[in-house]
């Protein structure tokens, strides 16, 4: 209960915060709860408004949230004193589980499948190259001892899933590049966490081959559990009609968290397990999918906001001065040498074009994950751990300020940010259990090739029919000659046997128009996008 009260007290001001070991905290009363709710709701509203600023500037929103935490901290207007690294680590892990789950649910298997091999190599062997290059720079250029240098190298070698997902999904990149970057950011947290823990434990690190064996074993256990839980969860949800649509999002997130917990308790990689389980769930055509996706996205935003604000509270700005130059030097070694080298060595064997390698070298975005990992040596009492945290914090902030806004510009210069395919349909499926059917609903996006297609030209399979069209303020039962337009909302009723075929046909027409069959679009989009 004491830890829970300290967590709740983080939003109410200095009176509800205390340094570890400075006596017992006051009990949480209803009055304190009212203060807490007001403060946290205001922080959330400011953070939501700040998303607009970050979307216009191209900056990952994490910088705004970190700024909110710093303003609330002891050097800011709130004067909240907070230095509990252990609590920050625990809350950060929990938030990262939610962020990875949300990212996995939004990862499209048809984009990841062709690049799963290069992404996996980049997330494992590439991480090793990046750790070595960054650690060498920290040791020889800054003068850190090898243990501290290796910890920093491991901490900053993980691309941040939240930063990558939030920035890349606003840039119209080729599907292969997007899939590779998203898969890498989802996969590389697992080996990096193992390395940071190994380097932060007391005593020397075991032989390198023993460490590699442990990493491989943990990744294998995590992958097996994640795939098993994801398959079982999707199999169950598609066959059990829950009494309320709001239960589906809860069940999906519960399955994802189960994968993490089971993987971690089995001494495997829980982070890899939750990402793989979420990816399987996200590509399983579950009922009420848009609602589930929106729920997960909202939880992901809350996790990001809470995690980044807490990290902003943990840092003490007036202590960062001596570590700014070392952070810039290490960041330069990482960004200009270690990251590009890891990309080239990992992707050249797969014949990835040089332009895509250049973009991926620059798109290795850091975020809250490195800062959270920097609390591990603090909790373990590693010598110089506070300096490690400060260096990582400065490095993440400065290089995110540089890399985030320049990614769209670089993509255009490399001619990788042009074009794109027609938007996919966000089809919602509601099972009609007693009628042995399904009700599909969707809106026609602005750039969909379904615009101008007549209802009869959809050529839905027997057993499926368009029953209602909502156009503006008007709703009507369409005729076979009714022409569909951008913005129309359609209701399609299907029987159980033809449900999947009807959805595939709708998506094919959305991408290929009325001639989708002859253009070969059906097979290209069998793996639907959410």
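FYI, it's all coordinate maths here, none of it is from the lab. Worth saying up front: this structure is predicted, and the values here are computed from it rather than measured. Neighbour counts are summed over all protein chains in view; Cβ atoms, including those assigned to glycine, are modelled from backbone coordinates with ideal geometry.
Model label points for residue 208 and residue 477, set 7 angstrom from Cα along the Cα-to-Cβ axis, are 7.4 nm apart.
Kindly state, to the nearest 0.05, the FRET efficiency for residue 242 paired with residue 217, given R0 = 30 Å and r defined as their beta-carbon distance.
Details: r = 37 Å, r/R0 = 1.23.
In this case the efficiency is close to 0.20.
For the stretch 85-413, averaging the sequence separation of C-alpha pairs within contact (under 8 Å, six or more residues apart) and dividing by the residue count gives a relative contact order of 31 percent.
Fully extended, how many nm does the chain gain between residue 71 and residue 379 (0.36 nm per residue separation, minus their Cα-Cα distance)?
Working: separation 308, 0.36 × 308 = 110.88 nm, distance 2.46 nm.
Here the answer is 108.4 nm.
The label-point distance for residue 116 and residue 485, in a model that sets each label 7 Å from Cα toward Cβ, rounds to 4.4 nm.
Residues of the stretch 67-106 with backbone nitrogen within less than 15 Å of a virtual label 7 Å along the Cα-to-Cβ line of residue 46, please, listed as ranges. Of the residues in the stretch 67-106, 67-81 have backbone N under 15 Å from the label point off residue 46. By the gyration tensor of its Cα atoms, with a ≥ b ≥ c the square roots of the eigenvalues, what is the shape of the stretch 309-349: rounded for a/c under 1.5, prolate for a/b over b/c, or oblate? It comes out oblate by the Cα gyration axes. Taking the Cβ-Cβ separation of residue 465 and residue 285 as r and a Förster radius of 22 Å, what is the calculated FRET efficiency to the nearest 0.05? According to the calculation, E is roughly 0.65. In plain terms, if you count all Cα to Cα distances in the stretch 85-413 and split them into 10 Å steps from zero, the share in each step is 6, 28, 36, 23, 7, 1, 0 percent.
Volume per residue of the convex hull around the Cα atoms, evaluated for the stretch 230-344, comes out as 169 Å³. Given their separation in residues at 0.36 nm each and the Cα-Cα distance between them, residue 224 and residue 265 gain 13.4 nm when the chain is fully extended. Here the simple spin-label model places points 7 Å from the Cα toward Cβ, and for residue 409 and residue 350 these points are separated by 2.9 nm.
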